[in-house]
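Structure record follows, encoded as structure tokens.
The values are calculated or read from the model by the stated rules, or taken from the named source; none is laboratory data. In this text, all values refer to a predicted model and were calculated from it rather than measured experimentally. As a convention, Cβ positions derive from the backbone with ideal geometry for all residues, glycine included, and neighbour counts pool all protein chains shown. Surface areas here come from the heavy atoms of the whole protein model, side chains and all, with no ligands, DNA or RNA. Shrake-Rupley method; radii C 1.70, N 1.55, O 1.52, S 1.80 Å.
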Amino acid sequence: MTQRKGYTMPTVALHPVLARVTENIVQRSAGLRSAYLAALEQTASRPRGADRLGCANLAHTWAATPAQARLKIIAEKPLNIAVITAFNDMLSAHQPYETYPALIKAHALHLGANVQVAGGVPAMCDGITQGYAGMELSLFSRDNIAMATAVGLSHDVFDAVLLLGVCDKIVPGLLIGALHFGHLPCVFVPAGPMSTGLSNKAKSEVRNRFAQGLADKAELMAAETAAYHSAGTCTFYGTANSNQMLLEAMGLHIPDSAFHAPDSPQRKVFIEQAVESVIQQCKPDEFTPIGRLVDERCIVNAMVALIATGGSTNHLIHWVAVARAAGIVINWNDFDDLSAAVPLLARVYPNGSADVNAFQAAGGPQWVLAQLLEAGYLHGDVRTVTGLSLREAAAPWLRPSGDLDVLRPADAPFSATGGLRLLQGVVGRAVMKVSAVAPQHQVVRAPARVFDTQEAVAVSFKSGALDKDVVVVVRGQGPKANGMPELHKLTPLLSVLQDKGHQVALLTDGRMSGASGKVPAAIHVCPEALNGGVIGLIRDGDWVLVDAQAGVLGLEVSQSELDERKSQAVYNTVSDSTLGRALFGNFRMNVRSAEEGAVTWL
């Protein structure tokens, strides 16, 4: 039995599927992971920056520090902790970080450590760029953030790092950057969600009415501003809030710190605990660099947490890249195998009516982890940034759910299987978030209507041409073509068609938002059209099968016909270099496939 302050949790055998998937990943990653750890140990074995760098280098490091503090730093050589921050006051999720550095510095000074803000990283909002040109930079901003993190840490004078970021590409980017400095202890410091505003259901209803011309822009604007109304993350369970769930499962947060509001009394406590934790990890007998902590078991725990909560499909790209940054190779088969075994424990919008505040009130991420641990679905022996094992950290949350409509125990789940599915067939490989799709809509066989842009879909919808059973194919949206934008603006249109009784599905080599919902969407198709994928050969009227239950992507076109079409194919790419898109040409040129994490740095 594992004990912690009076709490106990039995150590149970791993579920056989979890054990098998983990072992497959270990074997697949053996060479890369071994090389990664060897480089980590070699870097970690060097003298500290304060002892290793030259006098001129160190003088530059402390030049802006007040004179009295500078003399103390030079004489006493305290721990030097870097802060990498995604603060900006435009985005609600990151605005709270404005005050964090001062709080961190004050507490670190009290504990005898020094803190420097080593750098800032860009943070863009998909909610603002959705449907517009900026979205074509969105996915690539993740690797840009990783690079900016590396630039901030490149001064090589730090003993540890605190990472301040919350949203979609920011957390994966910070984590990738940190893992490239895997010899340093690192702790993430979240900021929390905004308070509940207009319900997600009511917001979606207004959007659908607007799409049909039944609501005007003033009504839509009133609904949107009632939903997005204060500092903090958006309250639906999209990519940003899925990030927080995964970090809790990986043990990279202070436990239970994800979903308390930015202005809650607990926030200051969590910030101070993060400082204490990263200092503790620097002690020789407790030294825990992030590259050692994030091992194969840790990555599998993140995958399980995503599946068990019906989280964002974007993480089937992002966490492949995160794992690769630690020398670990995962793929969509791993997600699919886990999803077939891991139960769905959460109903949070878009796969339920509750928001993340209700999720937290019902028990929150640590409650989910405790349930999964008790049922053998997580590696409980992995170490967290607190020094406790994941099992020890989650033990206090082993209690009944506060709301069975939001969170259910592992022995009475919403579904015996998870929220994600791999689809494959002649069209290629794709993924679908099935947790929000009703069973009667999980199999769609219908004629295709093919588009090169989501704007063209909207025009066809308004004309009534899509008012029938249809598989909407949006091609030329992969990472190499145009940066793989999210196509979330299609959700209201396709929802309207589904509500009319039509069988409707989306098939695309682009992405959908983490808030993708009730319409079946086979997304991230690989190979993408620009890489010669069959999705680029589909024509209007071709019969397409999207079968999430059997995991099939079917196309009723002969191979000879496909070969003929391939010889005539013309693929669209970014043709407009305005609004910064030309600067990312090198990213598009070198990007790997979505299943390989859409990484640009390999």
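Remarks
- Split the accessible area of the stretch 1-158 by element, probe 1.4 Å, and carbon with sulfur accounts for 60%.
- Segments 86-95, 101-110 sorted - mean Cβ within 10 Å per residue, highest first: 86-95, 101-110
- With the simple model of a label 7 Å out from the Cα in the direction of the Cβ, residue 39 to residue 195 spans 4.8 nm.
- Each Cα pair under 8 Å and six or more residues apart adds its sequence gap; the mean of these over the residue count of the chain is a relative contact order of 15 percent.
- Stretch gain in nm, segment residue 205-residue 562, where the contour uses 0.36 nm per residue and the Cα spacing is subtracted: 124.5 nm
- Every Cα-Cα pair of the stretch 456-602 was included, and the share exceeding 23 Å stands at 39 percent.
- Enclosed volume per residue, in Å³, of the convex hull spanned by Cα atoms of the stretch 68-215: 128 Å³
- Accessible area per residue for the stretch 389-479, computed on protein heavy atoms with a 1.4 Å probe, is 39 Å².
- Whole-angstrom Cα spans of the stretch 274-417 along principal axes, big to small: 46, 33, 25
- Each residue of the stretch 473-478 was assigned a 3J(HN,Hα) from its phi angle through the Karplus curve 6.51 cos²θ - 1.76 cosθ + 1.60 (θ = phi - 60°); the sequence is 9, 10, 9, x, 10, x Hz, with glycine and proline shown as x.
- When the pairs 169/217; 203/500; 433/480; 217/462 are compared against a 21 Å limit on Cα-Cα distance, 169/217; 433/480 fall above it.
- Taking max minus min of the alpha-carbon positions on each principal axis, the stretch 544-602 gives extents of 40, 31, 22 Å, largest first.
- Average accessible surface for the stretch 211-339: 27 Å² per residue, computed with a 1.4 Å probe over protein heavy atoms with every protein chain in place.
- With one equal scatterer per alpha carbon and no solvent term, the Debye-computed log10 I(q)/I(0) for the stretch 154-249 at 0.11, 0.25 1/Å reads -0.48, -1.22.
- Excluding same-chain neighbours fewer than eight residues apart, the aspartates and glutamates reachable from residue 468 by a Cα-Cα span under 18 Å are 499, 540, 542.
- Peptide ranges 489-500, 134-145, 59-70 listed from the most packed, as the mean C-beta count within 10 angstrom indicates: 134-145, 489-500, 59-70
- Rounded D (µm²/s) - the chain, Kirkwood Rh over Cα pairs, Stokes-Einstein at 4 °C, 1.567 mPa s: 53 µm²/s
- Carbon + sulfur, % of accessible area of the stretch 485-550 - ligands and nucleic acids excluded, 1.4 Å: 54 percent
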